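Every number in this text was worked out from the coordinates using simple rules, so none of it is lab data. The structure presented is a predicted model; accordingly, all values stated were derived computationally and were not measured. All Cβ positions, even for glycine, are placed from backbone atoms using ideal geometry, and neighbour counts span all protein chains on display.
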Amino acid sequence: MSTTVEAMDKAMSVMTSAELASAQHSRETVGDFTAAEPRMVCRNVDVWYGNKQAIKNVSLDIGKNEVVSMIGPSGCGKSTFLRSLNRMNDTIVDCRVTGSIQLDGEEIYDKKLDPVPLRARVGMVFQKPNPFPKSIYENVAYGPRIHGLTNNKAELDELVEASLQKAGLWKEVKERLDQPGTGLSGGQQQRLCIARTIAVSPEVILMDEPCSALDPIATAIVEELIDELRQNYSIAIVTHSMQQAARVSQRTAYFHLGDLIEVGETNHIFTNPQHKLTEDYITGRFG
Amino acid sequence: MNNTPSPPPASDAPRRTIDIVNASLKRRYARERRFRRLGAFAVALGLSFVVLLFTDIVSKGYTAFAQTYIQLPLNLSAEVIDPSGSREPATLAAANYTKLIRDALRQQFPDLTERQALRRLYALVSVGAGDLVREQVLAEPALIGTTPELWVLADDDIDMLVKGNIDRTAAPEDRRVSDETIGWVTQLEQQGRVAKRFNTIFLTHGTSREPELAGIAGALMGSFYTLLLTLLLSFPIGVGAALYLEEFAPKNRWTDLIEVNINNLAAVPSIVFGLLGLAVFIGFFGIPRSTPLVAALVMTIMTLPTIIIASRVALKSVPPSIREAALGVGASALQTQFHHVLPLALPGMLTGAIIGMARALGESAPLLMIGMIAFIVDIPSGFTDSATVLPVQIFLWADSPERAFVERTSAAIIVLLAFLFLMNLAAVLLRRKFERRW
Amino acid sequence: MPDPSFAKPKTDITTGHTVHRYDEELAKLRSIILEMGGRVVEQTQAAVVALVDRVECQAYRVLDREPLIDYLSLDADEEVFRVITRRQPTAIDLRIVLALSKIAGEVERAGDKAARIARQASELLALLDTNADVISDELNQALQALDDKACCMFERSIQAVATFDVKLALSIFEDEPSLYQASNAARQLLGKMNREGLIPRQVVCLLTAAHALERIGNHAATIAEQVIYVALGQDIRYRNREILIDTLRHYGY
């Protein structure tokens, strides 16, 4: 009798029953999750919020010069997974990440690795355009300034211009760089945020539903921009719009309740998905 | 449900929603109107109390800004004041100016010879009048050798009489001024020798037992030093504590405990802080009592919870998207806080700080415990000089029996309110300035 | 080694959209095509009756009804446009809409073939007045057999569209050789017929009708290809039929 209790206690100390229950339900991923030239390599990633497992044993690569889109119903963990890629989840109390996430062969959850420079290498664009309440110039110049990327004002000016050019915003704002970034339209703000991200020359850009607050025209401009940015960066994008995933990405990953259900060529996923859950989700049979 | 049989419906068609809505609309609007009227009434009531308070204080206090003077021809002969002719300040200061004033008074009433009557006559002017004349002569030595018509400070009873606060027609035993004195004053008034002039003494002097010599400058400076030091101590500490608790501290049982205690501290009666100051700062650390320094320390402890709570609220109201944006471009936690979060939270923090300061300015109870109630005539010139503060001064004056202190109490309250108003104005202006930072 | 991409779990494709109107729109599109298919079978049989049993009025009936199928195909096209613009179908829905659009074309063309048979029948009957009973029972039977085969395949292909049934589609592929056999038999007889005193014009009529029947069977096979495209997501046009049949059988269809 007592031995059974002890054994149970031992098991509990490793994993609580809730953890055990949810861990058992991890599903096999359909499709090839590897990329030809991977920048970020994620293997068997679990993310826990306290006792709740948000991501279950996910393996996914983000390749060079490709856009990987992550789709899935709300609460499926796609944003959580995205945020674990630049350790943005560190700010959340109780959040644990296990498994291996490598950026160019370097383990990003290594204890010795500093998340601050990591976030300069893996930039992030958020759902709601969130420019700093400063001037347009300051918004873009902030990152390079704190990282000391430029030596003098002229270089900084050049970098700001180049970043705004790449974000397709230069023509619209070059006359009013000293005006507040918050005074721009929603689409311009989001492009300003993209300019701010690329000003620190990241290797990978993570985008968390970057167009969800934008109108269709602004969305189209940002999507066009994403397609151009693909030439120089690896991009992972979380989106609620399946059409957007189909338009901008080369590969698509479908998440469901913390599981990565299916990964594959975007064309393939949207014409002939292999998993029933994927099919149900993208054809609108969900729930 | 009412039991009276309802009239049959006009038609068999089902009642449309719009009819039902219209039927209840009147009731809804009536309820709305009632609620609005109630609100307006509450505001009016509150405002009327404020107006009542202000009119009472102002009507009682505004007369304190004028003071009665008696014009007397003073014989400032060089032989009396400066027999050696050296014009040395020490010599000039040593002269008996009170005697000069008394001589001048006697000249005005040459009929009086009886000693008792003369003493009553001398009481027309303040006991400090001689000192004031001395200051005047020291400032203007050219007066020596002439007989200028100088305005001499009247006694507080005379002041009250002239201002009409003492009823001349009342029975002699019901008033502090005798018929004889009233006669003298009337005579002087007829000669045009009595006038109310602006009361500079009230604003430039420290307190005094004599109402006509009492001023609030000492208390004002005491309050100023106390508040300055309080602000310098409590704002950085409060903001730092808030920043740490809100942004850096791990969320565990200890920080929960700290948070609960801070909230409790904000509700602790202020007198307890006074007792603490007495025991710790004066008793244990031996800081001199009744100084702005110890007052500021006590006030700092008292205002810290307010500032910490206000600052935490201000930090919480900064949208998390700004933090994410900064972290996302690779700013460290400290850079995120100081470059982005703090500037956005500063207006709220300043408001909290100024509300705390306003509370500290109006606080008297804890200061009574640390000796600020002492009677201090000198105007403090530093943090370690003995001092009193405005509210304590008001408390002391309100406790004094002289009739003239009533108006001075009110006048001091006016000054205190003016400063509170200025501080609130500063809060509003600062917030507005920092909210638009481009 | 069989192609693994055929191993796909069956999904319920007829219902289940969060937006129920979407289901209804797809069902409507499908019902239009099923109706077209039903009419084509009817038309074909009537035309063959006109040809074989020499019932002239049947031939005119077929020709009268032919435009109905054309109108239905216009309806089907319109419904396809509507679904695409409204729902932007993806995955299986996209395949259903694309396939149904193609199937509508096939069915419409099969309808044209039925009309063609009817036209040949009326022409033949006009020429038959002078010398009756020239067409032998043997030839009649051969044509009847070809008709049975083609109609049977076409009917099954329409049934397969109703449920996107891979098994039915497979059986159509399996029937293809017998269709060609029947068609060859008819053609060979017609070659011999000339001795029986048929004028060349009559032979051409009969040959055209036989060819049209064979074509109807071919349309059925094309429809079956689309059914498999919908159900399995594999485009199997231009593939070797025998290997395809083996592969499908391997996966249990």
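How much of the DSSP beta bridge set in the protein assembly as shown is antiparallel, as a percent to the nearest 5? Around 65 percent of the beta bridges assigned by DSSP in the protein assembly as shown are antiparallel ones. Anything over 20 Å Cα to Cα? Flag those among A:K153/A:K174; A:K52/A:K112; B:K60/B:K163; B:K60/B:K196; A:K78/A:K112; A:K78/A:K128, in the order listed. Where the Cα-Cα span goes over 20 Å, the pairs concerned are A:K52/A:K112; A:K78/A:K112.
Shape class of the protein assembly as shown from the alpha-carbon gyration tensor: prolate, with a/c at 1.5 or above and a/b greater than b/c.
Each label point was placed 7 Å from the Cα along the Cα-to-Cβ direction; for B:T17 and A:S74 their separation is 2.5 nm. Among residues other than B:S24 with Cβ under 13 Å from its Cβ, the summed charge is +3 (Lys and Arg +1, Asp and Glu -1). Relative to the longest principal axis of the Cα atoms of chain A, the long axis of helix A:216-229 makes an angle of roughly 90 degrees. Only Cα pairs under 8 Å and 6+ residues apart enter the sum, and on that basis the relative contact order of the range B:217-435 stands at 31 percent.
With a Cα cut-off of under 23 Å and a minimum spacing of 8 residues unless on different chains, the lysine pairs in the range C:14-250 number 7. Counting only other chain Cβ atoms within 10 Å of each residue's Cβ, the peptide A:272-284 averages 6. Compared with the dominant principal axis of the Cα atoms in chain A, helix A:153-166 is inclined by about 70°. Multiplying the residue separation of A:I92 and A:N232 by 0.36 nm and subtracting their alpha-carbon distance yields 47.3 nm.
Bridgeable aspartates and glutamates around A:K56 (alpha carbons under 14 Å apart, same-chain partners fewer than 8 residues away excluded): A:E19, A:E28, A:D46, A:D259, A:E262. Just to verify a number: FRET efficiency for C:D77 and A:K174, C-beta to C-beta distance, R0 = 41 Å, to 0.05? Rounded to the nearest 0.05, the efficiency is 0.25. For B:A365 and B:V280, the FRET efficiency from 1/(1 + (r/R0)^6), where r spans their Cβ atoms and R0 equals 22 Å, is about 0.80. Local charge for C:E25 was computed over the other residues whose Cβ lies under 15 Å away, with Lys and Arg +1 and Asp and Glu -1, and equals 0. Remark: the protein assembly as shown carries a charge dipole of roughly 1680 debye about the Cα centre, counting +1 on each Lys and Arg Cβ and -1 on each Asp and Glu Cβ. Helices in chain B that qualify as membrane-span-like (whole DSSP H runs, Cα extent of at least 30 Å along the helix axis, mean Kyte-Doolittle hydropathy of 0.5 or higher) are B:217-243, B:292-316, B:403-435.
Figure legend: label point modelled 7 angstrom from the Cα of B:E180 along Cα→Cβ; residues of the range B:75-119 with amide N under 12 Å from it are B:112-119. Over all other residues within a Cβ to Cβ distance under 13 Å of B:A95, the charged ones net out to -3, with Lys and Arg as +1 and Asp and Glu as -1. Per-residue Cβ neighbour counts within 10 Å put B:S332, C:S122 in the sequence B:S332, C:S122, beginning with the fewest.
Label-to-label distance for B:R431 and C:R86 is 5.4 nm, based on points extended 7 Å past Cα in the beta-carbon direction. If R0 is 22 Å, the Cβ-Cβ spacing of B:Q187 and B:D103 corresponds to a FRET efficiency of close to 0.80. Please find, in a Gaussian network model of chain C (springs between Cα atoms separated by less than 10 Å), the residue of C:N218, C:N140, C:N240 whose mean-square fluctuation is greatest. Highest fluctuation among the options: C:N240.
Okay, which of the range B:369-400 sit inside 17 Å, backbone N to the point 7 Å along the Cα-Cβ direction of B:I271? From the range B:369-400, the list is B:369-373, B:392, B:395-396. Could you name the aspartates and glutamates whose alpha carbon sits less than 12 Å from that of B:K433, not counting residues in the same chain fewer than 8 places away? Once the sequence-local aspartates and glutamates are set aside, nothing remains near B:K433.
In terms of its C-alpha gyration tensor, chain C comes out oblate, because a/c is 1.5 or above while a/b does not outweigh b/c. A dipole drawn for the protein assembly as shown from +1 and -1 charges on Cβ atoms has a positive end, and of C:A210, A:Y233, B:V80 the residue lying farthest that way is B:V80.
Over chain C, what relative contact order in percent results from Cα pairs under 8 Å that are six or more residues apart? Once divided by the residue count of chain C, the mean separation gives 27 percent. Quote the charge dipole size of chain A about the Cα centre in Debye, to the nearest 20; the model charges only the Cβ of Lys and Arg (+1) and of Asp and Glu (-1). In debye, rounded to 20, chain A gives about 380.
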